[in-house]
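Asks: Pasting in a structure now, in structure tokens, and then I'll have a few things to ask.
The numbers here are math on the coordinates, done by the rules we state, and not lab data. Quick caveat: nothing in here was measured; it's all calculated off a predicted structure. No Cβ is skipped: glycine too gets one built from the backbone with ideal geometry, and neighbour counts run over all protein chains shown.
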Amino acid sequence: MMIPEDEECEKRIGVKSEHMKNKIHLKGQLGVFMRWPVILSLLLLIMNMAIYAISLKAGICMSVFLAVYLVAVVIIYFYYKKQIYSQLIMFATQYGQIQRKLLKELKIPYALLDEDGKVIWSNRAFSRLTNTERRERKSIFHLFPDISRNIIPQADKETKSSVHITYEERDYQVDMDLISLDRIIKTSELVDMDEYEGYLIAMYLFDETEINRYIRENKEQRLVAGLIYIDNYEEVLENVEEVRCSLLVALVDRKINKYIASLNGIVKKLEKDKYFVVLKEKELPAMRENKFELLQEVKTVNIGNEIAVTLSIGLGANGNTYSENYEYARTAIDLALARGGDQAVVKEKEHISYYGGKTQQVEKTTRVKARVKAHALREFIEGKDKVVVMGHKMADMDSFGAAVGIYRAAKVMGKRAYIVLNEVTASIRPMRDGFTDNPGYEPDMFLTSAQAIDMVDRQTVVVVVDTNRPSYTECSELLGRTPTIVVLDHHRQSNERIENAVLSYIEPYASSACEMVAEILQYFDEGLKIKAMEADCLYAGIVLDTGNFNNKTGVRTFEAAAFLRRSGADITRVRKMFRSDMPSYKARAEAVRHAEVYEGFALSACPNDNLESPTIVGAQAANELLNIVGVKASIVLTEYNHRTYVSARSIDEVNVQVLMERMGGGGHMNSAGTQLDCGIEEAMEIVKHTIDKMIEEGDL
């Protein structure tokens, strides 16, 4: 590596030469040449001895001459040694004049830094870039604020480093390379030096402004595929006079076309309630910033319709091909619909973003879908030997009741059926005990995860109820042991979902998983009859998730409840199941007593002392807090097994599902939750911070 010529650089190297002069040894031909006094002295000594053999007097004269010669040589050698060695060091580091000239005129900005990051030399391009004289020894940290001290390479760490910076509205890639002076000297053919740990830093700046602009323009010009569906097309038109139906559709079409046209995109109507859109990727930031205002604009269309029109939007971006973007759009629209509609979903490779989804889902009056899913489930069960049903961890009444309903469907088909249940909470223990002590049911009706793993094979149907997240299931390992997986759930889908399900029936508008299973049972088999105990479990699940028919209760909820009542469900027995013991009641009352109102949210922590199922008590306390005037939503935190469980509830003003999604959870608009790996106090701060941020962003 050549060190360029410069007065300042010469001074610094001269100072270093003073420090290391005693460590320098000449080598190569120069080393041999510099030993000429010793060689000549030996030759003269031999000649002197030869002269003594010829003449004593001549030998004495020669000895006197040799002595004078040696004294002169020693004086000259040691007198000029320091200067000669200094000049040799400078020469050893400065030879190669053509290379130095090229380095000075190099178009790429280049500089040499000392160990402290100060510029000791720079070429003309670097000086022009930084508007400094080449003799100025400014700190690189002062010239480029984006470069920090930890980026500079160190001798005991990485010898190379690279960083991207912006300087005077231009982008640069800065490469730095550590140059050891010991290495320079060792490669020299002129001088030698013992170990020396000094070093310099070579710095190169590559202008990447234009290439970054081209990359950005290319990314902005890429096409985004999108699908827009009208969620409630049939329901809206049912409540509109026939002569006005075409006007309503035309107004919705105009809203969609106007919105996409403002983004320089195009719209193609595929069906009466489906649209395909194409636009540039550079329009996505604006759409995100205004929270996809089309979702709200289309709700303003009102020509006498009692139900507001809602849309679902699915966009696919950042794919490698147009077809891949379209597949992303299809996945996104499926997610939007599975989450209840009235929202936009953007899928970019593995990243998925959600927008909207603040309104209550409209219940579908038709049960055609339930009938189709029931027949599909029957076909899958018919072709397999066993059925294994599992819900979510720490099963509640809804999860347990839905599992019991599927268990009965499998037994009607004459199949062996099992329910995976690891931890039995206090809320479901009375139900579970009613089956384990009953001779009408097999002793192995309930399995642990370990037993289920040994039981499940490729001839098994695994049915997941009341959850669609693999990590929330009782035993996620079962999902990889059979190709036949069925998912029945009423929670909104998130990024994490069961990908390999052959049948997925997810309806966020449904009040509970038990309601969905009760509908399926009505279409599953004409001769299907469920026992009274099983009807109690399903009825209890509906009562739990609807808050005794107060939340998310539609026509189909009451129809499902009526079917269960006809099947023998007893309201009195179910009510007794919901009774709690005295410690649980006191803990619930304590949580309500210590609640604080924060931005319209009732926040509290539920004590967990002497409670068998503290998370259930926390959820009950959250429901109780909604009865307080002025409370828009309630959030109760419960610490259990070194984790904090968060239960969020609301009536109609706040969508707690989007709030819990921000914290890694999910659920429904009125009922959601999450789990945090921290203590109560830290979890409370996280909840408050999330509320503040979402209020600031307009998402609550």
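Asks: Round to the nearest 10 and give me the degree value, 0 to 90, for the angle of helix 322-338's Cα axis relative to the longest principal axis of the chain.
Replies: Compared with the principal axis, the helix lies near 40 degrees.
Asks: Could you sort out which of 393/586; 415/552; 411/552; 255/282 sit more than 23 Å apart by Cα distance in this structure?
Replies: Check vs 23 Å cut-off fails for 393/586; 415/552; 411/552.
Asks: Pairing the Cα long axis of helix 614-625 with the longest principal axis of the chain, what angle in degrees results, from 0 to 90 and rounded to the nearest 10?
Replies: 70 degrees
Asks: May I ask you to compute the full-extension gain from residue 596 to residue 562, defined as 0.36 nm times their residue separation minus their alpha-carbon distance, rounded to one decimal in nm?
Replies: Between residue 596 and residue 562, full extension yields an extra 8.3 nm.
Asks: Which of 36, 121 comes first, and how do the rest follow, when ranked by fewest Cβ neighbours within 10 Å?
Replies: 36, 121
Asks: Rg and Dmax of the chain over Cα atoms: what are they, in angstrom?
Replies: 41.0, 147
Asks: Could you state the angle between the C-alpha long axis of helix 397-412 and the longest principal axis of the C-alpha atoms of the chain, as a value from 0 to 90 degrees rounded to the nearest 10?
Replies: 70 degrees
Asks: Specify the inter-centroid distance of the range 449-503 and the range 276-303, based on alpha-carbon positions, in whole Å.
Replies: Value for the Cα centre distance between the two parts: 36 Å.
Asks: Now, a different point. Using Cβ counts within 10 Å as a stand-in for footprinting exposure, how do 269, 576, 347 rank, fewest first?
Replies: 576, 269, 347
Asks: Tell me, what does the Kirkwood hydrodynamic radius of the range 368-577 come to in angstroms if you use every pair of distinct C-alpha atoms?
Replies: Hydrodynamic radius (Kirkwood, Cα pairs) of the range 368-577 is 16.7 Å.
Asks: With a 10 Å Cβ neighbour count serving as the proxy for reagent exposure, in which order, fewest first, do 647, 139, 504, 262 appear?
Replies: 262, 139, 504, 647
Asks: Give me the log10 of I(q) over I(0) for the range 381-506 at q = 0.14, 0.16, 0.17, 0.22 Å⁻¹, as the Debye formula computes it from C-alpha points; what are the numbers?
Replies: Cα-only, vacuum Debye calculation for the range 381-506: -0.54, -0.71, -0.81, -1.40.
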